[in-house]
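Novice: A single structure is presented below for examination.
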Amino acid sequence: MSVLQKIADIEAEMARTQKNKATNAHLGILKAKLAKLRRDLITPKGGGGGPGEGFDVAKTGDARIGFVGMFIRKVI
């Protein structure tokens, strides 16, 4: 089944589904599926960039991070 056929099937199911409180969750799931299929249709799937230019970061040494918080007291 192609992506366009899946989109058409979901739109048809949304059209025939009665809209009320009991079907809101089902319609939301259908809308999410429809959005995902449309996104996949618009953006082509890339095979990844592969190894390319970049930069190296040395993974040596020791690092410590300390957080110091402030305490605010209200004196009456």
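Derivation of every value follows stated rules applied to the coordinates shown; laboratory data play no part. The model shown is predicted, which means the values in this text are computed figures rather than measured ones. A quick note on method: Cβ atoms are made from the backbone with ideal geometry, for glycine too, and the neighbour counts reach across all protein chains shown.
Novice: Where the Cα atoms of segment 3-42 are projected onto their three principal axes, how long is each span, largest first, in whole Å?
Specialist: 32, 15, 8
Novice: Which value in nm describes the separation of the simple spin-label points at residue 22 and residue 35, placed 7 Å from the Cα toward the beta carbon?
Specialist: Inter-label distance under the simple model: 2.6 nm.
Novice: Sticking with this one: Lys and Arg at +1, Asp and Glu at -1: add these up for the other residues within a Cβ distance under 14 Å of residue 13 and post the number. The partial results should precede the final answer.
Specialist: Working: positive: 6, 16, 19, 31, 33; negative: 9, 11.
That sum, taken over residues with Cβ under 14 Å, equals +3.
Novice: Net charge around residue 23, counting only other residues with Cβ within less than 14 Å of its Cβ (Lys, Arg = +1; Asp, Glu = -1)?
Specialist: +3
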